[in-house]
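The values are calculated or read from the model by the stated rules, or taken from the named source; none is laboratory data. Keep in mind it's a predicted model, so treat the numbers as computed, not measured. Note that we place each Cβ from the backbone using ideal geometry, even for glycine, and neighbour counts take in every protein chain shown. Note: areas computed on protein heavy atoms with side chains; ligands, DNA, RNA excluded. Shrake-Rupley method; radii C 1.70, N 1.55, O 1.52, S 1.80 Å.
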Amino acid sequence: MAVAAENAFPDGKVGELQKITDLLGGARVLSRRLTSALDAHELLLHGLPASAVDHLVGQLLFIGKTESLEKAVGMSLRTWQRRRDAPSKPLSQEQSGRAWKFAEILAKATDVFGTQAEAEQWLERPAIGLEQRRPIDLLATPAGVELVEDYLERLEYGVYA
């Protein structure tokens, strides 16, 4: 079945979508295969399964279950633990969106830095281009997310200031 051109990710974005969904557990955890931005939108509207965040946290190499991670995904460690006990109950739209955005930024940083380990270490370290703030701390707000995305884009193209 062909996906309408306006719904499909451009060629370069298909790999990005796959990386994000893999971090969240892929089709097995998400209970569907995502092939377009609209598929992702629909999934987030209905809420990610709690097991997707569990999978994401399980994939992390350096970032622990810290306050920073709590800010980035928008839920406290205690809430995450409760959600683990009810893995089939979907997350709220906000929690789903924040978890998706964190996975998206981690995937992008992995592309920029070459490995997930390097990407996670970068997220945890103060960055000169972010006025010595740690990128992971900025993920707590939409404005901060935008700053991190813009900075990653500059790093990708070799513009550091």
- [ ] Would you point out which residue out of Ser51, Ser88, Ser36 is farther than 28 Å from Arg154 by Cα, surrounded by fewer than 19 Cβ atoms within 10 Å (Cβ to Cβ) and free of Cβ contacts under 8 Å to residues at least 60 places away in the same chain?
- [x] Ser88
Task: Criterion violated by Met75 - all others in (1) open to solvent by 40 Å² or more (accessible area, probe 1.4 Å); (2) closer than 24 Å to Glu42 by Cα; (3) not in a helix (DSSP H, G or I) satisfied - done: (1)
TODO: Of the numbered conditions (1) in contact (Cβ under 8 Å) with a residue 24 or more places away in the chain; (2) among the β-branched types (Val, Ile, Thr); (3) open to solvent by 30 Å² or more (accessible area, probe 1.4 Å); (4) within 19 Å of Leu17 (Cα to Cα), Ile128 fails exactly one; give the number of that condition.
DONE: (4)
- [ ] Name, by its number, the condition in (1) free of Cβ contacts under 8 Å to residues at least 24 places away in the same chain; (2) under 12 Å from the mean Cα position of the chain (by Cα) that does not hold for Thr141.
- [x] (2)
Open item on the list: Being open to solvent by 40 Å² or more (accessible area, probe 1.4 Å) and either part of a helix (DSSP H, G or I) or farther than 17 Å from Glu149 by Cα (or both) is true for just one of Gly97, Gly58, Gly64, Gly15. Which residue is that?
Closed with: Gly58
Open item on the list: Exactly one condition in (1) touching a residue at least 12 places away in the same chain (Cβ under 8 Å); (2) closer than 23 Å to Arg134 by Cα is false for Glu67; which is it?
Closed with: (1)
Open item on the list: I'd like to verify a number: residues in the range 13-64 that are basic (Lys, Arg) and within 15 Å of the chain's Cα centre (by Cα), how many?
Closed with: 2
Task: Filter result for Ser51 (polar (S, T, N, Q), farther than 21 Å from Val145 by Cα, at pLDDT below 90 and not in a helix (DSSP H, G or I)) - done: no
Open item on the list: Taking the conditions exactly as written (part of a helix (DSSP H, G or I), at pLDDT 95 or above and more than 17 Å from Leu30 (Cα to Cα)), does Ala109 satisfy them or not?
Closed with: yes
